[in-house]
1. Segment 63-108: D in µm²/s via Stokes-Einstein (Kirkwood Rh, Cα pairs, 20 °C, 1.002 mPa s)?
2. Roughly how far apart, in whole Å, are the Cα centres of segment 1-27 and segment 72-122?
3. Using the beta-carbon distance between Glu52 and Asn10 and R0 = 25 Å, what value does 1/(1 + (r/R0)^6) give for FRET efficiency, to the nearest 0.05?
4. What size of dipole, in debye to the nearest 20, comes out for the chain about its Cα centre when the only charges are +1 on Lys and Arg C-beta atoms and -1 on Asp and Glu C-beta atoms?
5. Considering the options Gln186, Tyr93, Asn128, tell which one lies farthest towards the positive end of the dipole of the chain, charges being +1 on Lys and Arg and -1 on Asp and Glu at the Cβ, about the Cα centre.
6. Computing the accessible area with a 1.4 Å probe over protein heavy atoms, can you report the carbon and sulfur percentage for segment 1-134?
7. Helix-derived [θ] at 222 nm for the chain: sum -39500 (n - 2.57) over DSSP H runs of at least 4, divide by residue count, nearest 500?
8. Ranked by accessible surface with a 1.4 Å probe, highest first, in what order do Lys211, Lys160 come?
Amino acid sequence: MKIGIIGAGNIGGNLTRRLTALGHDVSVANSRGPHTLTELAQETGATPVPVEEAARGAQVVVVTVPLKAVPDLPSGLLDGAAEGVAVIDTGNYYPQRDGRITGIEDEGLTESRWTERHIGHPVIKAFNGTYAQDILDGPRPAGDPDRLALPVAGDDAAAKRVVRDLIDELGFDTVDSGGIDDSWHQQPGTPVYGLRAGVDGVTEALAKAPKDRPADFRG
């Protein structure tokens, strides 16, 4: 597939490494410009592009930037994407880093619903509680008893299927954690966040998530 990755930090960089290794056509962008991605491009074969071009022709777009940077993403970010593009949101709200976001704190929006409103497109929440190094070191074949599972939330069933299939290709199982309004089950401070477990463990952790945002994750 043609995949665009917006954000080349720990998660974005390691997804670039794995997805190119699997044979996907990856374009990668960051806020500092393609000239800062030369080393990653040489390592992986990914194409460094400006943010405005990252989604061009893409069937999957990964948005993996700090939440505070989401409003600064260019308008029309997904205008050139393939029809039915699946957009993966890996973001988390950390008030100490992002400042207080009233839509999340006062309106009760989930982090991904807030992100959807800014980019103007439905998202699939995934990888937000995954250790970046596990993207490189954690893959296991299907059926392996030590295979890790990742929670995946989203309202678009077709896009969610694309994302879950891609995660399976990356070497992980998935657990459907509901729609975007249910994605608080996997936000920071919940039992599943950062959990290294299989399908049963992830399913159990999602069921134990408290509805109220923990004090450490409120501004």
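1. Stokes-Einstein gives a translational diffusion coefficient of 174 µm²/s.
2. Centre-to-centre distance over Cα atoms comes out at 20 Å.
3. Numbers: r = 23 Å, r/R0 = 0.94.
The computed FRET efficiency comes out at 0.60.
4. Around 300 debye, computed over the chain.
5. Tyr93
6. In segment 1-134, the share of accessible area belonging to carbon and sulfur is 45 percent.
7. Result for the chain: -8000 deg cm²/dmol, rounded to the nearest 500.
8. Per-residue accessible area, sorted high to low, gives Lys211, Lys160.
The values are calculated or read from the model by the stated rules, or taken from the named source; none is laboratory data. In this text the structure is predicted, and so the values were computed from the model without any measurement. For neighbour counting, all protein chains shown are included, and Cβ atoms are generated from backbone atoms with ideal geometry for every residue, glycine included. Areas reflect the complete protein model, heavy atoms only, side chains present, ligands, DNA and RNA absent. Shrake-Rupley method; radii C 1.70, N 1.55, O 1.52, S 1.80 Å.
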